[in-house]
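Input: a single structure, listed below in structure tokens.
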Amino acid sequence: MRQLATACEAIAGTTKKLLKTGIVADYLKSRTTDEAAVSAVFLSGRAFPAWEETTLQVGGRSLWQIVAALSGSQESQLTGAYRRHGDLGAVAGEVLPQRAGQGLGVLEVEGTFRQIAAARGPAARAAMVRDLISRATPLEAKYIIKVMTGDLRIGLKESLVEEAIARAYGGTLADVQRANMLVGDIGETVRLALKGILSAAEMRMFHPLGFMLASPIESAEEGLSYFGEAAVEDKYDGIRAQAHVADGEAKFFSRTRDEITESFPELPDALAGLPQDAILDGEIVAWEYPRDLSDTRRVVDEAASDASEQKTVNLGRARPFSVLQQRLGRKKVSDKMLREIPVAFLVFDVLYAGGELVMDRPLRERGRILDELLAAPRKSFNHRGHGGSQRRSPAQGALAFDVEREPRDPIAEASIIRAPAFRVSSPEELEELFAVAQERGNEGLMIKDLDSSYTPGKRGKSWLKMKRELATLDVVVTAVEYGHGKRVGVLSDYTFAVWQADRLVNIGKAYSGLTDDEIAEMTQWFLDHTVEDQGFRRTVEPKIVLEVAFNNMMQSDRHESGYALRFPRIVRLRPDKSAEEADTLERAREIFEKQQK
Ligand code: AMP
């Protein structure tokens, strides 16, 4: 761990990417295979490989207390150090006492991380963390804590670790990226690179892959400016999900690669009978089914090629996100909830089908594969003991909305719906579709290049999003305050930030938009994840992402970002986004400059 920490210090000491990757490459080469594999994961700012569900479950407050106890520092000393560094790992490096001895091995640290993750209860976990930190040198502790909090803050992203792997072991960067994307484990990628068998990397079912992301556009003209032929879909306001279907079993994963099948027990059954194993990409939404199901008709993408035709197809419609929210984060979904808030999985892409990865095929071809897959008769499926699979299976004959089903029970209503895709060729048509999408209560449109391949984890110009708001920012909460009036006693005022390179810079403060229930829940979270208690105000772990809307933006030195937002309001919590995915200062500047025109 000493060598890793020393390498990290050197990486932090330069802004040159080439130097950074050189240091990582040299370090990896100097290690055994196992050590290099574990180190690559740590260098990506993770305690465990990306695909794994394992989490440490050790909060910032607990870490803070451990560092305080082991250092014997006064609270004020620690607070002072935190103000200077803004990072608990760096604080630990400064305040912990030097110790003699061998230090720790990275494998030992990883082994302890796994024991911590498996331990029952916060007290047992805290004792293990304390023991680990007490055996580390201050420099090692600095980086152990940074890994534990998920952010090294040394200007090293996973993409640079990929470059370093290519440099260290001599594969092409594209091969390394592809292998890492498929196995979802940068440590495993190191092993493959070392053996010179990157091309043998295989996608594994039930290991979520990265999601393809979209870039915002400001006008219909811009929406058609990047590519020749576009497929246009409604932008549904729900949560993004990747479904893995194999051997009669189906699981759903969120954008943060967490498994979310439990929250939607009715969905796996509806998918498990697909005729082929598959990985599908789509949006789970709260769905209002048409009153008369016999009135519904199936949509096959190219058949419905213009907006007017679409209006005649009655599939039902998405309900607002706030409705879906009531179903999120639950371990157990009551029958009442299933009945009152049925959901649907709106599928818009396919990554794998029939034994073949299809991500490199153009969207027009993936669309066809998806249509065939969903239109084929569903076979009956094996029960595997999870969630709703204990229940009666829904109609499996064809697309769920294609069938009249009696009696209408919520489980049977769980639907897998092919998101209708349209072709447009002019900005006017796009505007028309946008208006229709909004009439249906959807957020706007997604505009996709029919010739593009599926690029996981990338935000490029092949997928574009056209939204209702002038602009919203996805921001990270950095500090919270107690509210006033009926909000006394709850942490309801949030200060939030955007990214400037590796740093979060505050850009505004908002206190309206969340429901009382959400505020109560967030209050508890913030109490558990306080980094510094300043009495009326608490700095908190920068993990919570909010979507904020505002009327306009001003230049101001009130916040570190140099901007302030006018009438900011919280549109919603974004539990599906990690802090790293929040917006950047550059994006804020773009919005500001557009508004000046
Ligand atoms: P945003 O969350 O604002 O960055 O917008 C991108 C998100 O829109 C995706 O991650 C999906 O969750 C969601 N979305 C809704 N409908 C679609 C669609 N038809 N295609 C792709 N993404 C969609």
If you check Gly150 against the conditions, is it under 19 Å from Val38 (Cβ atoms), at pLDDT below 95 and crowded, with 16+ Cβ neighbours inside 10 Å?
yes
From the option list Arg418, Arg391, Arg405, single residue qualifying as at pLDDT 90 or above and either touching a helix residue (DSSP H, G or I) at 6+ places or on another chain (Cβ under 9 Å) or crowded, with 19+ Cβ neighbours inside 10 Å (or both) is Arg418
Looking at segment 111-123, which of its residues are open to solvent by 40 Å² or more (accessible area, probe 1.4 Å) and either in a helix (DSSP H, G or I) or among the acidic types (Asp, Glu) (or both)?
Arg114, Gln115, Ala118, Pro122, Ala123
I want to confirm something. Restricting to segment 216-259 and keeping residues that are aromatic (Phe, Trp, Tyr) and within 14 Å of the ligand (Cβ to nearest atom), which single residue is nearest to the chain's Cα centre (by Cα)?
Phe253
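Each row is one residue, and each column tells you yes or no for (1) aliphatic (A, V, I, L, M); (2) outside any helix (DSSP H, G or I); (3) out of contact with any Leu (no Cβ under 6 Å at 6 or more places or on another chain); (4) within 12 Å of the ligand (Cβ to nearest atom).
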{"position": "Glu429", "(1), (2), (3), (4)": "no, no, yes, no"}
{"position": "Ile447", "(1), (2), (3), (4)": "yes, yes, no, yes"}
{"position": "Ser452", "(1), (2), (3), (4)": "no, yes, no, no"}
{"position": "Lys461", "(1), (2), (3), (4)": "no, yes, yes, no"}
{"position": "Met466", "(1), (2), (3), (4)": "yes, yes, no, yes"}
{"position": "Val480", "(1), (2), (3), (4)": "yes, yes, no, no"}
{"position": "Tyr494", "(1), (2), (3), (4)": "no, yes, yes, no"}
{"position": "Ala497", "(1), (2), (3), (4)": "yes, yes, no, no"}
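The rows are residues; the columns are (1) surrounded by fewer than 19 Cβ atoms within 10 Å (Cβ to Cβ); (2) hydroxyl-bearing (Ser, Thr, Tyr); (3) in contact with a Cys (Cβ under 9 Å, 6 or more places away or on another chain).
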| position | (1), (2), (3) |
| --- | --- |
| Val190 | no, no, no |
| Arg204 | yes, no, no |
| Glu222 | yes, no, no |
| Glu233 | no, no, no |
| Ala241 | no, no, no |
| Ala250 | no, no, no |
| Phe253 | no, no, no |
| Thr256 | yes, yes, no |
State all residues of segment 332-358 that are in contact (Cβ under 8 Å) with a residue 24 or more places away in the chain, away from the ligand (no atom under 16 Å from the Cβ) and assigned to a strand (DSSP E or B); if no residue qualifies, say none.
Tyr352, Ala353, Leu357
Tell me yes or no: at least one residue of segment 502-517 is modelled with pLDDT of 90 or more, over 22 Å from Gly155 (Cβ atoms) and either open to solvent by 40 Å² or more (accessible area, probe 1.4 Å) or among the hydroxyl-bearing types (Ser, Thr, Tyr) (or both).
yes
Pairing a residue in segment 14-29 that is in contact (Cβ under 8 Å) with a residue 40 or more places away in the chain with any residue that is surrounded by 14 or more Cβ atoms within 10 Å (Cβ to Cβ) and among the acidic types (Asp, Glu), where Cβ atoms lie under 8 Å and the two sit 6 or more apart in sequence or on different chains, gives Lys17/Glu163; Thr21/Glu163
Just to be sure before I move on: is Val488 hydrophobic (A, V, I, L, M, F, W, C), open to solvent by 30 Å² or more (accessible area, probe 1.4 Å) and more than 16 Å from the ligand (Cβ to nearest atom) in the structure I sent?
yes
Which of the residues spanning segment 580-590 are away from the ligand (no atom under 12 Å from the Cβ), in a helix (DSSP H, G or I) and of a type outside the set (Lys, Arg)?
Glu580, Leu585, Glu586, Ala588, Glu590
Given segment 538-579, what strands (runs of 3 or more DSSP E) lie entirely inside it while holding 3 or more residues that are surrounded by fewer than 16 Cβ atoms within 10 Å (Cβ to Cβ)?
552-555
Boolean, Glu188 is in contact (Cβ under 8 Å) with a residue 24 or more places away in the chain, of a type in the set (Asp, Glu), within 16 Å of the ligand (Cβ to nearest atom) and more than 23 Å from Val347 (Cα to Cα)
no
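The values are calculated or read from the model by the stated rules, or taken from the named source; none is laboratory data. All values derive from a computational prediction rather than experimental measurement. Positions of Cβ are backbone-derived with ideal geometry, glycine not excepted, and every protein chain shown enters the neighbour counts. Just so you know, the surface numbers come from the protein's heavy atoms only, side chains and all, with ligands and any DNA or RNA stripped out. Shrake-Rupley method; radii C 1.70, N 1.55, O 1.52, S 1.80 Å.
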